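One structure is given below, encoded as structure tokens.
The values are calculated or read from the model by the stated rules, or taken from the named source; none is laboratory data. Remember, predicted model here, so these are calculated numbers, not experimental data. We place every Cβ from the backbone using ideal geometry, glycine too, and count neighbours over all the protein chains shown. For the accessible areas, the whole protein counts, side chains as well, though only heavy atoms, and no ligand, DNA or RNA atoms are used. Shrake-Rupley method; radii C 1.70, N 1.55, O 1.52, S 1.80 Å.
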Amino acid sequence: MQKTAIVCVTNDLTTDQRVHKTCLTLQKCGYQTIEVGRMLPQSLPLERPYSVHRFKLWFRKGPQFYAEYNIRLFFYLLFSKVDLIFANDLDTLPAAFLAAKIRRKRLIYDTHEYFTETPELVNRPRTKKIWEKIENFIFPKLTDIITVNQSIANLYESKYHKKIYVCRNIPLDFTPTRLKTREELGLPLDKHILILQGTGINVQRGAEEAVLTMQYLEDCVLLIIGSGDIIPELQKMIDQYQLQEKIIIKPKMLFQELRQYTMNSDLGLAIDKDTNLNYHYSLPNKLFDYIHAEIPILSSGLPEIKQIIDQYDIGYYIQNHHPKHIAEVIQNIFNNPQRYALVKQNTAKAKAELNWEKEEQILIELINKTF
């Protein structure tokens, strides 16, 4: 009889490409796969080659949300047919760990970031302490753990003395059968397009400075696509500085649609700030999305990002987050078309080497691990 894997996340499943790829890999390894998340009023419909289950919850954020979600998830796991539970991030781990323990099922834990050092927790010491206690209790008891880059793996290995597998969040190879024109996408034809994308456009990710930078650029348009806690503030800043003609904000969208916009852009922004351990060692999804769209990258030079940019020579750096400085760097990029053409050409080489088909072999090894 075919084995069943249940993959757990707290988001609405729509744009989480890492978890989608995990589900596809589990299918490749012979598992019937069910992806479990939550349903939000703005959630987009899903068409997936595996089963999905989204909880409709009373609470949307805060401790009530995490408590409700984990209670619902625990009982779902307790009474569902399952052979492997795949927990994504610390906020799904309590329910997944307890259900796996009671039912004596295998548990794989995928930590997408250094969870207890995110800015949302660093600035809330009481909440941080609660999550730290949860992690400190469960993590030493785990046997199968995976994360998104070697720097974060090193932190966990040093703290818990556990082997951590590393599988970077490289996208599936996808090129639209027909690339839409800028005109079809409502984008200007006579401007350089800067893009900042992601489902975590939050505070300290450089979005505020990117908006302010547009005061000093006349031949560029900033395209922001995605979701995050800073989006409402960005809208206010656009109105305050009268930048409506220079900045376009679009909500999160399906991966295939997003790729159309990314491929029509000229420069991908990854200017996250070095304000906490999680950001310092981050390797954001958008970096690989830009590479696969074959557009150069402008970065703040965080270690994991810099390693890839330098290895393939696919981008540029800012030295600080002052908007005038960022504008000068961007202007210099487009004032040197020969250098830009070379960097853009190099992204194609990076894309050929950095693909999910190669990267998922680490995940397959972990899934198929025998004891």
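Points to keep in mind about this one:
- None of PHE74, PHE59, PHE86, PHE55 is open to solvent by less than 20 Å² (accessible area, probe 1.4 Å) and under 24 Å from GLU132 (Cα atoms) except PHE86.
- The single condition from (1) modelled with pLDDT under 95; (2) within 19 Å of ILE146 (Cβ to Cβ) that PHE288 fails is (1).
- Pairs where the first residue, in region 6-18, is on the phi > 0 side of the Ramachandran plot and the second is open to solvent by less than 10 Å² (accessible area, probe 1.4 Å) and among the acidic types (Asp, Glu), C-beta under 7 Å, 6+ apart: LEU13/GLU35
- Positions within region 309-351 being closer than 25 Å to GLU208 by Cα and open to solvent by less than 20 Å² (accessible area, probe 1.4 Å), in sequence order: ILE309, ILE314, GLY315, ILE318, ILE326, ALA327, ILE330, ILE333
- Within region 173-189, residues that are closer than 29 Å to LYS358 by Cα have Cβ atoms under 8 Å from residues that are open to solvent by less than 80 Å² (accessible area, probe 1.4 Å) and of a type in the set (A, V, I, L, M, F, W, C) in these pairs: ASP173/TRP356; PHE174/PHE255; PRO176/MET263; LEU179/MET263, counting only partners at least 6 apart in sequence or on another chain.
- In region 232-267, of all residues being of a type in the set (Asp, Glu) and under 14 Å from LEU222 (Cβ atoms), the one that is surrounded by the fewest Cβ atoms within 10 Å (Cβ to Cβ) corresponds to GLU245.
- Scanning region 155-174 for residues that are assigned to a loop (DSSP other than H, G, I, E, B) and open to solvent by 80 Å² or more (accessible area, probe 1.4 Å), we see that the one that is farthest from PRO140 (Cα to Cα) is ASP173.
- Single condition PRO303 does not satisfy, out of (1) open to solvent by 10 Å² or more (accessible area, probe 1.4 Å); (2) more than 30 Å from VAL19 (Cα to Cα): (2)
- From the list GLU233, GLU209, the lone residue that is farther than 28 Å from ILE170 by Cβ, under 25 Å from the mean Cα position of the chain (by Cα) and among the charged types (D, E, K, R) is GLU233.
- All helices (runs of 4 or more DSSP H) inside region 265-345 with 1 or more residues being small (Gly, Ala, Ser): 323-335
- Members of region 10-30 found to be open to solvent by 30 Å² or more (accessible area, probe 1.4 Å) and over 19 Å from the mean Cα position of the chain (by Cα), listed by number: GLN27, LYS28, CYS29, GLY30
- Condition check for LYS133: assigned to a loop (DSSP other than H, G, I, E, B), open to solvent by 30 Å² or more (accessible area, probe 1.4 Å) and either farther than 27 Å from ASP289 by Cα or not acidic (Asp, Glu) (or both): no
- Taking first residues from region 76-97 that are on the phi < 0 side of the Ramachandran plot and partners that are of a type in the set (Ser, Thr, Tyr) and part of a helix (DSSP H, G or I), the Cβ contacts under 6 Å between residues at least 6 apart in sequence or on separate chains come to ASP91/TYR66.
Table: residues versus (1) over 16 Å from the mean Cα position of the chain (by Cα); (2) at pLDDT below 95; (3) not small (Gly, Ala, Ser).
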residue	(1), (2), (3)
TYR312	yes, no, yes
TYR316	yes, no, yes
ALA327	yes, no, no
ILE330	yes, no, yes
ILE333	yes, no, yes
LYS351	yes, no, yes
TRP356	no, yes, yes
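- Yes/no for GLU113 being open to solvent by 40 Å² or more (accessible area, probe 1.4 Å) and touching a residue at least 40 places away in the same chain (Cβ under 8 Å): yes
- As a summary of the residue check, SER299 satisfies the conditions (1) in contact with a strand residue (DSSP E or B) (Cβ under 8 Å, 6 or more places away or on another chain); (2) in contact (Cβ under 8 Å) with a residue 40 or more places away in the chain; (3) not β-branched (Val, Ile, Thr) except for the one numbered (2).
- For region 210-247, the set of residues classified as touching a Pro at 6+ places or on another chain (Cβ under 9 Å) and on the phi < 0 side of the Ramachandran plot consists of ALA210, VAL211, LEU212, THR213, MET214, GLN215, TYR216, VAL221, ILE225, SER227, ILE231, listed by residue number.
- Count of region 82-116 residues which are at pLDDT below 95 and part of a helix (DSSP H, G or I): 2
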